[in-house]
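Undergrad: Below: one structure in structure tokens.
What follows draws every value from the coordinates through simple rules; no lab data is involved. Everything numeric in this text was worked out from a predicted model, so none of it was measured. In this analysis, Cβ positions are derived from the backbone assuming ideal geometry, glycine residues included, and neighbour counts consider all displayed protein chains.
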């Protein structure tokens with residue numbers, strides 16, 4: 001009798017323990033489900049026509065799983081099935097949350113500290129000179145281009161570290177010649193000036209050496225906000241312009257550099273039209289803040305805001321947002337998505353890579369070479385701008401017409417991290433995604449490239465030195481304005 005009573009007590013104790021454990025699991029599962037769906041609603045990325053059925057289905061599944069876990073039976077099998085389903089669903093929540101949080105963390109990372117850029121400055125000597133390191137330049141005179149941007153802090157640092165003095169020169173060409181001809185022992189160049197010289201004179205690297213490098217953080221000027229909150233041209237209103245600036249460097253996206261690729265993307269989400277307007281890098285324009293003539297590519301030296309404002313002046317439009325990418329962005333992204341296919345109008349060789357007339361399948365390195373080559377074409381920079389448009393179209397096509405984005409989502413974000421910069425807010429991007437999911441429209445993408453006439457003239461960034469420039473064709477500029485206004489519904 002006592003034994004039977006003890007057995008009954010043991011069963012009741014086990015039942016109570018099981019019930020307590022089940023109750024805890026049910027409470028945790030319910031809380032996690034509420035938090036997950038609350039997060040889905042808060043990100044405001046899924047249209048109501050999808051969100052409502054998803055939430056309703058989620059509630060039904062949740063109630064069913066809870067029912068299985070709470071079901072009172074002699075056997076535990078139904079409860080176990082319920083617990084296993086709950087665990088599996090929670091894991092699914094975790095995977096989805098991880099994907100979404102990766103995206104939002106990435107978006108937050110690319111939009112912080114937008115006004116801080118980094119530039120390197122080099123103390124350069126002849127390769128066969130006695131100068132080898134910092135201590136060798138103590139008390140020496142260094143020549144520098146007098147209009148060099150952000151040079152004051154660098155000069156002050158060198159004066160403190162090596163007691164140097166400085167002599168101003170009025171052109172980059174003269175600065176280069178003075179060093180190569182022995183008229184100057186040392187010169188100071190920004191990284192962008194160094195790139196300009198080596199682009200024109202391939203032997204400069206072999207004939208010289210960098211003695212000392214100074215890295216300087218620069219707060220870019222931002223007197224005018226690119227994004228006007230009162231503008232009718234916003235993502236929210238569905239009509240806006242985005243400026244794509246491709247800088248001519250690899251590595252850190254915050255490095256000060258020339259704007260090598262320049263494309264205005266005009267978007268109308270109401271008519272589902274996109275217009276890509278490419279501007280040749282050598283376009284001879286008036287720099288907005290300097291009110292002096294220079295190549296468009298040189299505007300990047302003074303920050304993305306300078307480039308955007310200069311193009312606004314040129315085309316008479318408002319540019320609401322920008323995207324800034326570099327060489328690393330293109331290489332990594334194209335490799336991660338498995339390469340792209342582009343059509344070449346010509347057979348040519350760029351950076352030692354041969355391209356056929358017709359379809360070419362390109363990896364990251366090849367895609368970058370294809371989009372940068374200009375010397376192989378009679379139209380030079382104009383054809384390069386067209387090739388850049390082809391690469392952009394191919395990347396968009398690869399991302400949207402297959403399972404690439406879904407299957408390589410994490411790798412794509414990793415490839416862009418540190419190589420991508422924008423002032424588009426996370427909420428605006430969510431709005432674009434929501435609208436795309438809501439109507440799933442097919443987009444009409446058209447392209448246009450500004451043209452001009454080759455010439456040689458002085459540029460603000462190089463002083464009195466004359467460089468190759470492209471003088472804008474006024475009809476081409478007016479035509480571009482008209483096409484942009486037509487897409488924006490303002491013609």
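Undergrad: For the chain, what is the percent of antiparallel DSSP beta bridges, rounded to the nearest 5? Please report the intermediate quantities before stating the final value.
TA: Details: 52 of 72 bridges.
Antiparallel bridges: around 70 percent, rounded to the nearest 5.
Undergrad: Using a 10 Å cut-off around each Cβ, can you sort 353, 142 from fewest to most neighbouring Cβ atoms?
TA: On the way: 353 16, 142 21.
Ascending Cβ contact count within 10 Å gives the list 353, 142.
Undergrad: Taking the chain as the reference, fit the longest principal axis to its C-alpha atoms, fit the long axis of helix 151-162 to the helix C-alpha atoms, and give the angle between the two in degrees, 0 to 90, nearest 10.
TA: 80 degrees
Undergrad: May I ask you to derive the FRET efficiency for residue 270 and residue 476 from their Cβ-Cβ distance with R0 = 22 Å, giving the value to the nearest 0.05?
TA: Values: r = 27 Å, r/R0 = 1.24.
Efficiency for this residue pair is about 0.20.
Undergrad: What distance in nm lies between label points placed 7 Å from Cα along the C-beta direction at residue 464 and residue 379?
TA: 3.8 nm
Undergrad: Turning to a different aspect of this structure: Using Cα-Cα distances under 8 Å and only pairs 6 or more residues apart, what relative contact order does the stretch 116-219 have, in percent? Could the numbers behind the result be given before it?
TA: Working: 165 pairs, mean separation 54.2, N = 104.
Value for the stretch 116-219: 52 percent.
Undergrad: Need one number: % antiparallel among DSSP beta bridges in the stretch 116-219, to the nearest 5. Before the final figure, lay out the partial values.
TA: On the way: 15 of 22 bridges.
Here the antiparallel bridges make up roughly 70 percent for the stretch 116-219.
Undergrad: Okay, moving on. Using alpha carbons only, how many degrees (0 to 90, rounded to 10) separate the axis of helix 426-439 from the longest principal axis of the chain?
TA: For helix 426-439, the angle is close to 70 degrees.
Undergrad: Would you work out the relative contact order for the chain, in percent, from Cα pairs under 8 angstrom that are 6 or more residues apart?
TA: Values: 794 pairs, mean separation 81.4, N = 491.
17 percent.
Undergrad: Which residues in the stretch 459-491 have a backbone N closer than 15 Å to a point placed 7 Å from the Cα of residue 177 along the Cα-to-Cβ line?
TA: Backbone N within reach: 463-467.
Undergrad: Also, quick follow-up: Over all directions, the average projected area of the alpha-carbon convex hull for the stretch 116-219 comes to how many nm²?
TA: Numbers: hull surface 24.1 nm².
Taking a quarter of the hull surface, the average projection is 6.0 nm².
Undergrad: Here is a further query. Just to confirm the number: angle between the C-alpha axis of helix 2-42 and the first principal axis of the chain, 0 to 90 degrees, nearest 10?
TA: For 2-42 against the chain, the angle is about 30 degrees.
Undergrad: Distance in nm between label sites at residue 345 and residue 195, each 7 Å beyond Cα in the beta-carbon direction?
TA: Output for this residue pair reads 2.5 nm.
Undergrad: If R0 is 45 Å, what FRET efficiency do you get for residue 132 and residue 363 from their C-beta distance, rounded to 0.05? Please report the intermediate quantities before stating the final value.
TA: On the way: r = 39 Å, r/R0 = 0.87.
Once the sixth-power term is evaluated, E becomes 0.70.
Undergrad: Give me 76, 196, 470 sorted ascending by neighbouring Cβ count inside 10 Å, so fewest comes first. It would help to have the intermediate numbers written out before the result.
TA: On the way: 76 12, 196 26, 470 23.
Least to most surrounded, the residues fall as 76, 470, 196.
Undergrad: I've got another one for you. Evaluate the relative contact order of the stretch 21-175 (contact order divided by residue number), counting alpha-carbon pairs under 8 angstrom at least 6 apart; express in whole percent. Write down the numbers at each step before the final one.
TA: Numbers: 85 pairs, mean separation 24.7, N = 155.
Contact order relative to length: 16 percent.
Undergrad: Once you put a point 7 Å from the Cα of residue 20 and another 7 Å from the Cα of residue 39, both along the Cβ direction, what distance in nm separates them?
TA: With each label point 7 Å from Cα toward Cβ, the separation is 3.1 nm.
Undergrad: Please state, as a whole number in µm²/s, the translational diffusion coefficient that the Stokes-Einstein equation yields for the stretch 266-416 at 25 °C and 0.890 mPa s, with Rh defined as the Kirkwood radius across alpha carbon pairs. Mind dumping the intermediate values first?
TA: Working: Rh = 17.0 Å.
The estimated diffusion coefficient comes to 144 µm²/s.
Undergrad: Follow-up question, since we're still on this one. Identify which of the listed values of P(r) over Cα pairs in 10 Å bins from 0, in percent was calculated from the structure shown: (1) 4, 19, 28, 24, 15, 7, 2, 1, 0; (2) 3, 16, 23, 21, 14, 9, 6, 4, 2, 1, 0, 0; (3) 4, 22, 34, 27, 11, 2, 0.
TA: (2)
Undergrad: Also, I was wondering about something else. Using the alpha carbons of the stretch 18-91, what is the convex hull volume per residue in cubic angstrom, as a whole number?
TA: Enclosed volume per residue, from the Cα hull, is 71 Å³.
Undergrad: Based on DSSP H runs of at least 4 residues, each adding -39500 (n - 2.57), what is the mean residue ellipticity at 222 nm of the chain after dividing by all its residues, to the nearest 500 deg cm²/dmol?
TA: Details: 15 runs with 224 residues, N = 491.
One gets -15000 deg cm²/dmol as the mean residue ellipticity at 222 nm.
Undergrad: Mind sorting 29, 93 by how few other Cβ atoms lie within 10 Å of their own Cβ, fewest first? Present the calculation step by step, with values, prior to reporting the outcome.
TA: On the way: 29 22, 93 19.
Lowest count first: 93, 29.
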